[in-house]
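Have a look at the structure below, then the notes.
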Amino acid sequence: LISVRPATAADRELLIAWMAATLEDLKGAAAGDPWFEGVTFPAEAAEAHVEEALADEGPLLIATLDGAPVGYLEGRIELPYVRESPIGRVGHVALVRVVPEARRRGVATALLAAAEAWFKARGLAWLQLSWHPWNEPARATWAAHGFEPFRVFGRKRLA
Ligand SMILES: CC(C)(COP(=O)(O)OP(=O)(O)OC[C@H]1O[C@@H](n2cnc3c(N)ncnc32)[C@H](O)[C@@H]1OP(=O)(O)O)[C@@H](O)C(=O)NCCC(=O)NCCS
């Protein structure tokens, strides 16, 4: 049975470990991406990030599978990149991670559904998130949930 609940201060240590694991997952999925080369994620950075996320309005959600915590989602409300858009504020899902042993069992689906409900309850009509094109599990998950790419970043090395 999958359940989703808001994170609390009691989840601090778990979230700190999961944040660091998320960076490792993304680094692994993005092998060869210069942005990740040489990146380390000191414990203090994870701690500071979790402190901020716990203090923010949210959503910061924990999923449990048969009572055991197995994943989290961190989101926030922000403006679309077209600041003048009459759409106003949009939901943003910044981070989602499910522990490897619990993947492909609908945990991310449950977290996303809870986040969608959270944003909708606050009157938001749009939700955005981003993924690396080579992160196939992420690409497939977001595509399966109706997310469409809408903006492509480009970069080139100058030096
Ligand atoms: C991406 C991630 C959060 C998905 O979590 P999950 O709990 O396994 O996802 P779900 O079980 O809810 O999957 C829902 C649907 O997404 C698609 N999907 C999920 N993982 C997939 C994969 N590895 N390959 C293909 N499709 C996949 C499927 O359509 C799946 O439905 P199905 O299992 O009935 O076929 C998980 O793989 C993860 O934590 N990855 C590491 C961290 C990460 O990359 N986060 C996302 C950053 S943008």
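Each value in this text was obtained by applying a stated rule to the coordinates, not by laboratory testing. Given the structure is predicted, the values throughout are model-derived calculations rather than measurements. No Cβ is skipped: glycine too gets one built from the backbone with ideal geometry, and neighbour counts run over all protein chains shown.
Annotations
- Filtering PRO100, PRO137, PRO133 for residues that are loosely packed, with under 15 Cβ neighbours inside 10 Å, under 30 Å from ALA10 (Cα atoms) and in contact with a Lys or Arg (Cβ under 9 Å, 6 or more places away or on another chain) leaves a single hit, PRO137.
- Boolean, GLU74 is assigned to a helix (DSSP H, G or I), acidic (Asp, Glu) and within 14 Å of the ligand (Cβ to nearest atom): no
- Flag for GLU116 being surrounded by 15 or more Cβ atoms within 10 Å (Cβ to Cβ), more than 20 Å from ALA21 (Cα to Cα), more than 8 Å from the ligand (Cβ to nearest atom) and acidic (Asp, Glu): yes
- The stretch 80-97: number of residues that are loosely packed, with under 13 Cβ neighbours inside 10 Å, under 16 Å from LYS120 (Cα atoms) and out of contact with any Phe, Trp or Tyr (no Cβ under 7 Å at 6 or more places or on another chain): 1
- Test for ALA46: is it over 19 Å from GLU24 (Cα atoms), within 16 Å of the ligand (Cβ to nearest atom) and among the small types (Gly, Ala, Ser): no
- Qualifying positions in the stretch 13-40 - away from the ligand (no atom under 12 Å from the Cβ) and loosely packed, with under 15 Cβ neighbours inside 10 Å: GLU13, LEU14, ALA17, ALA31, GLY32, ASP33, PRO34, TRP35, GLU37, GLY38, VAL39, THR40
- Residues considered: ALA53, ALA45, ALA20. Of these, the only one that is in a helix (DSSP H, G or I) and more than 15 Å from the chain's Cα centre (by Cα) is ALA45.
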